[in-house]
1. Mind running the shape call on region 35-104? Use the C-alpha gyration tensor, a ≥ b ≥ c as the square roots of the eigenvalues: rounded below 1.5 for a/c, prolate if a/b tops b/c, oblate otherwise.
2. Between residue 83 and residue 22, what is the FRET efficiency for a Förster distance of 30 Å, r being their Cβ-Cβ separation, to the nearest 0.05?
3. Using alpha carbons only, how many degrees (0 to 90, rounded to 10) separate the axis of helix 17-30 from the longest principal axis of the chain?
4. Given the -39500 (n - 2.57) contribution per DSSP H run of 4+ residues, what per-residue ellipticity at 222 nm results for the chain, rounded to the nearest 500 deg cm²/dmol?
5. For the ranges 38-51, 57-70, what's the packing order if you count other beta-carbon atoms within 10 Å of each residue, average per peptide, and put the highest first?
6. Could you put 92, 99 in order, starting from the residue whose Cβ has the fewest other Cβ atoms within 10 Å?
7. Report the calculated FRET efficiency for residue 76 and residue 31 (r = Cβ-Cβ distance, R0 = 41 Å), to the nearest 0.05.
């Protein structure tokens, strides 16, 4: 049976608290934390998804984004999660001009 190699994980080179904090800040500069958005529709031009918060979006440090449409039991719409190359692709597909916006929440 083949054993899988352990993934390489970046760890601080020291246990000194001050140096670890500096290391973490530098790491975050290179690998910023994911950003969370809400997709908010001001006007529903298609008549399908309604207005208000219609989806959740996470943008990762490499620029890729994931959009999650929650389940809508009242209208029998299943939840859907889709990966996009970036936020521009989400805006282009779901923006309907300025009628739908991404609101950053973290």
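1. Cα axes put region 35-104 in the oblate bin.
2. Given R0 = 30 Å and the Cβ-Cβ separation, E is 0.35.
3. In the chain, helix 17-30 runs at an angle near 40 degrees to the longest axis.
4. Value at 222 nm, helices only: -6500 deg cm²/dmol.
5. Peptide ranking by packing, descending: 57-70, 38-51.
6. Going from sparsest to densest Cβ surroundings: 92, 99.
7. E(calc), rounded to 0.05, equals 0.55.
No value in this document is a laboratory result; all are computed from the given coordinates. Bear in mind the structure is a predicted one, so any value in this text is a computation, not a measurement. Backbone-built Cβ (ideal geometry, glycine too); neighbour counts: all protein chains shown.
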